[in-house]
Each structure stands twice: as structure tokens, then as C-alpha cells.
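What follows is a short report on a single structure.
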Amino acid sequence: MSVIDSSDLSIDLEAIASGKVTLQQVLFQQIRTRILKGFWPSSAKLPSTRLLASQLKISRNTVIQTYEQLVAEGYLNAKANSGFYVALSLPEQYMASDQVQVTAERGTDDTPNNGFFAPGVAEFSAFPMTAWSRLLQRHSNRSTLLGNQDLQGLVSLREALHRYLTSSRSVVCNPDQIIVTSGAQQSIAIALLATQKLKPHQRFLVELPGYRQVVKVLDTFAVDYDFVDVDARTGVDIQRIVNSESSGIYLTPSNQYPMGCSIQTEQRLQLIEWAQQNQSWIIEDDYDSEFQFDSRPFRSMQGLAAESGNADKMIYIGSMSKVMFNSLRIGYMVVPPHLVPLCLEIKDALSGDTPALVQAALADFIDEGGLLRHIRKMRRLYEQKYRVMKQCIQDAFGQDWRLVSQGAGLHATIQWQSSVDEITLSEMAQEVGMVVRPMQFYQPLAKPRNYGSIVLGFGNAPIEAIPDKVKVLAELYYSLVE
Ligand SMILES: Cc1ncc(COP(=O)(O)O)c(C=O)c1O
């Protein structure tokens, strides 16, 4: 049962003084309007007559008479020894004309971005909810977490992330180089704005096809950029980068999104040297390296650069969205010490500090081994899903479809040579409840291609449902083959 906040009620004394209306009529109209517009929802409890009279500085009798009139006309119910409530159903004659729909048109529970095959979505049902809620509970009554917090992130979390990144991703840093953010998305925005400020007159480079969210930031902040081609077989066009004088590049070097290739060590060293010589920035988005199934994971480029003392142009970005769950909205960036103040200035301007309760719980989750246990479990599960996907695609499509992405992360990238249009296939899949991303989604700059391509996420797909869903995809695909 909700209790109504009546603080927006006020009495127009001038209208009453003019003698055209009585105080009771004004109060009646105000309450009735709020009920009919749905601002005071059905079965919500009204303030007591004593409270409302005192709030409006009018006699309690006036309030009692008004409430009773509203009861008589069917807008309120009176409950003995309890008070007055908005009626469950309102007088019919007013419903059609005045009632305004106040519920949201579409809730987020059902957002299509979480649907079957939606890329980039972690498996939610395997998350250790009980342990996580215990950690949230542990910190929920700490009053020190209620005030303004360190803009850079709680020290406990930065120290925990430092231990995790050092041991799991070979990142070389100290906790004061880590900035906690609300996801990789915010890290990308901060990194792009910072590098742009330091090297304003050159264009930035982004992968094509690539992560759409990067271009959104560049467009929003009117930063000029060029694309660097990525091919599933030959990878990122390294020569194009090292021949350019751009201010920097955004890369997903360990599992290029969405092509699923990686940059080899030799080429990584070439890029690091280019960044040094040209004083350009490398933004390394290491979003899903925890999940590599076919080969040993590459260590971070940041760590590789630090080995030769060349990490001062490296910005490393990570996210908890894949290793935990998407709505956590926690990410982090590791920046060279000289860049910390500027990044904090930008973070301050964009959002201020990051919610503290979740940071405190996350620090414990990492320190007490919960994160690593979960990652190990999920690596096995995602690998199984990947193998099932691969087998089902082979069974249903044979040579017609080529799985071009490496065994890593939460998605599989497919290519075909037939004339089947990827957008049409995606639309047909959507009609039967699947989220199949056409490659064009990742290509803000249209490029002529002689193949069709889609991205299928398997992170949140129940493993036992994958074979049937792939069969449905095959039916749709072959219905389009000429
Ligand atoms: C390339 C890439 N980077 C980062 C992320 C994670 O972003 P965020 O932390 O904002 O959820 C994703 C998620 O899909 C991604 O695909």
C-alpha cells in the first residue's frame, strides 16, 4: 500500500475570497483531479484529516467534509479505524474522459537487448545471488557510505582491482592509477575526452567494424575520427595505424569486437612503438579476456608496454558487465599517473562519484575469492555453450556458414557467401524472438562487401535451447536462399 504525499496541494485563497467557490469545493476539485489523472493511485492511503488540515492551515472539519463527499461520490473508500483510501474503481462517467495512462510504456525487464542470441549479455541465472546479496547487506547500514565519496573510487575497491588486474591480466600499475567508473562506456568517454584535450587537432582512429558505443561518444562530443579496417582473417590493419599521425586509437586487441580476431605480440609491440614515437594514445578495451577457450589468453597490451617502460600512452579499460552482470554498471580504467587528474576532472563533470554500496560489496567479492570462483565457473559454462553453438552451426549449415570469430568471449561471428541479406534475416529472426545482429550494425560507415554476416551472442542463451534455436535460424536462412 502506498501513502500519498500531499505536499503539492495548495489552496487558492484569492478564488475563495472572491466568493465564487468555497474552500471545500476547491479542496474537493484538487483531490479529485489528482485521483483521475492517476497521480494518486488506487488503494493508496490519503493523509489523515488532522495532518492535511494542519498542512493546509484550514479547519479539520473542512477536510473531513471533503473526504466524506469524495467517499459519497465514489472516489475514496473509508476504512474504520484506518483512514481514507483512493477507491479501486472510479466512477465510470469520468474514467474515459480524464484518466491518463501513467505507467511506463515499456519496462526494462523485457528489453529486447537481453533476448536470445543478444550479444554481450552475461548468463544471469548462474550468478551467485545469495553470496552477492549477503555482501550488499554487509555494507548496507554503513553510514560512512552515504556521503560524498572519493571521485576515483573506494580505496578498498581500487586495491582489490589492483590485485586482480596484476595477477589475472598482467596490468602494471598502482591503485592510484585506477579510476572506477560506471562501466566501460564511461571509461571510453573519459578516455576519448582526455586524449582529445591533450592532442586536439588530430583525428582519432576506431575499428571498422567495431564497438558502436565508441562512435556514439565521438559523435556526441564532436570529435573527428577515421576508421581502420578489420578483417576476420587478417585482423586490424596495423600498417594503416602506424602510418597515421592520429591522436590515438581505440582497440579491442585480445578479442576484436565483433570480428573475434586478436592482435599478435609482434604487432602489439609495433603499435606501442608507434604510440611512443607519435605521442599518440592507445585505448585498450579488454572487455572479455577472461573468457578464452581455444588459446591461452593474451596478457594486456598495457602490461606489455610497461615491460619496456612505454606505458605512458596506454589507457586500459575493463568492465564487470561480462564477468558479473550487465546492470551492475561498474567498470574501471587504468591510466598513466600524469593522466589521473585530467580523467578525474572529466569524470567529475560527467557524473561525479560512483555509487558506493556496490563498490564496497564488489571489493569484498573480489578479495574473498567470489569473483575468481565465478569467472572459473563461467569460463567452463561459456566454453560449453561455444562448443555447442559451433557444432550446431556445423550440423545445420555445413559449408554454407563460416564461424570466423575465435573461441572466446560471449559471441560468435558468422559469414556466408550467398545472396541472403543479413538485415532481412535479422528482421525475420526478431519476429520469432531472436536478437540476431547484422554486421551492418557495427559498421557506421557502409562498406561494399561480398559476404553476409551476423553476430550471435550465446552468453545468456540456455545451453539446452541452443540446438533448436540454431535450427530455426537455418530454416529462416534457407527460406531466403535463391
Ligand atoms: C567491446 C565492448 N567493450 C565493453 C563492453 C562493456 O561495456 P559496459 O561496461 O559499459 O557495460 C562491451 C559490452 O558489450 C563491449 O562489447
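The values are calculated or read from the model by the stated rules, or taken from the named source; none is laboratory data. None of the values given here were measured: they were computed from a predicted structure. Counting neighbours? That spans all protein chains shown, and the Cβs are built from the backbone with ideal geometry, glycine included.
Listed values, structure above:
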quantity	calculated
Qualifying residue in the stretch 164-178 (condition: surrounded by 20 or more Cβ atoms within 10 Å (Cβ to Cβ), out of contact with any Phe, Trp or Tyr (no Cβ under 7 Å at 6 or more places or on another chain), assigned to a strand (DSSP E or B) and of a type outside the set (D, E, K, R))	no
Any hit, the stretch 317-336, residues being aromatic (Phe, Trp, Tyr) and closer than 19 Å to Ser168 by Cβ	yes
Filtered residues of the stretch 1-33 (kept if touching a residue at least 24 places away in the same chain (Cβ under 8 Å) and under 26 Å from Ala80 (Cβ atoms))	Met1, Ser2, Val3, Ile4, Ser6, Leu9, Gln24, Leu27, Phe28, Ile31, Arg32
Filtered residues of the stretch 1-50 (kept if among the charged types (D, E, K, R) and part of a loop (DSSP other than H, G, I, E, B))	Asp5, Asp8, Asp12, Lys20, Lys37
Scope the stretch 264-293; condition in contact with an Asp or Glu (Cβ under 8 Å, 6 or more places away or on another chain) and hydroxyl-bearing (Ser, Thr, Tyr); matching residues	Ser280
Every residue from the stretch 256-270 that is away from the ligand (no atom under 16 Å from the Cβ) and either surrounded by 23 or more Cβ atoms within 10 Å (Cβ to Cβ) or not in a helix (DSSP H, G or I) (or both)	Gln264, Arg268
Residue match in the stretch 197-204 (condition: more than 12 Å from the ligand (Cβ to nearest atom), touching a Gly at 6+ places or on another chain (Cβ under 8 Å) and modelled with pLDDT under 95)	yes
Residue list for the stretch 137-163, restricted to those being under 23 Å from the mean Cα position of the chain (by Cα) and surrounded by fewer than 16 Cβ atoms within 10 Å (Cβ to Cβ)	Asp150
Answer from Asp294, Asp312 - the residue that is surrounded by fewer than 20 Cβ atoms within 10 Å (Cβ to Cβ) and modelled with pLDDT of 95 or more	Asp312
Yes/no for Ile454 being part of a strand (DSSP E or B) and either crowded, with 18+ Cβ neighbours inside 10 Å or basic (Lys, Arg) (or both)	yes
Those residues of the stretch 188-240 which are within 18 Å of Ser254 (Cβ to Cβ), among the hydroxyl-bearing types (Ser, Thr, Tyr) and either surrounded by 15 or more Cβ atoms within 10 Å (Cβ to Cβ) or touching an Asp or Glu at 6+ places or on another chain (Cβ under 9 Å) (or both), in sequence order	Tyr211
Top-ranked residue in the stretch 36-51 [being at pLDDT 90 or above and among the aliphatic types (A, V, I, L, M); ranked as surrounded by the most Cβ atoms within 10 Å (Cβ to Cβ)]	Leu46
Ala131 away from the ligand (no atom under 16 Å from the Cβ) and either at negative phi or not β-branched (Val, Ile, Thr) (or both)	yes
Selection count, the stretch 347-383, where residues are of a type in the set (Ser, Thr, Tyr) and under 30 Å from Phe221 (Cα atoms)	2
Index of the failed condition, Asp237 passing every other in (1) away from the ligand (no atom under 15 Å from the Cβ); (2) touching a Ser or Thr at 6+ places or on another chain (Cβ under 7 Å)	(2)
Residue match in the stretch 382-393 (condition: within 23 Å of Cys173 (Cα to Cα), away from the ligand (no atom under 16 Å from the Cβ) and over 25 Å from the mean Cα position of the chain (by Cα))	no
Sole exception among (1) touching a residue at least 12 places away in the same chain (Cβ under 8 Å); (2) in contact with a Ser or Thr (Cβ under 7 Å, 6 or more places away or on another chain); (3) in a helix (DSSP H, G or I); (4) closer than 16 Å to Phe84 by Cα for Thr62, by number	(2)
The one condition in (1) within 13 Å of the ligand (Cβ to nearest atom); (2) modelled with pLDDT under 95; (3) charged (D, E, K, R) that Lys216 fails to fulfil	(2)
Residue in the stretch 275-298 that is of a type in the set (Lys, Arg) and in contact (Cβ under 8 Å) with a residue 12 or more places away in the chain present	no
Some residue of the stretch 411-432 being touching a Pro at 6+ places or on another chain (Cβ under 7 Å), more than 25 Å from Asp150 (Cβ to Cβ) and of a type in the set (A, V, I, L, M)	yes
Residue that is farthest from Leu480 (Cα to Cα), among those in the stretch 429-451 that are part of a helix (DSSP H, G or I) and not polar (S, T, N, Q)	Tyr442
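One line per residue, one yes/no per condition, for (1) touching a strand residue (DSSP E or B) at 6+ places or on another chain (Cβ under 8 Å); (2) of a type in the set (Phe, Trp, Tyr); (3) within 30 Å of Val481 (Cβ to Cβ):
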site: Asp348; (1), (2), (3): no, no, no
site: Gly352; (1), (2), (3): no, no, no
site: Pro355; (1), (2), (3): no, no, no
site: Val358; (1), (2), (3): no, no, no
site: Ala363; (1), (2), (3): no, no, no
site: Arg380; (1), (2), (3): no, no, no
site: Gln384; (1), (2), (3): no, no, no
site: Gln399; (1), (2), (3): no, no, yes
site: Leu403; (1), (2), (3): yes, no, yes
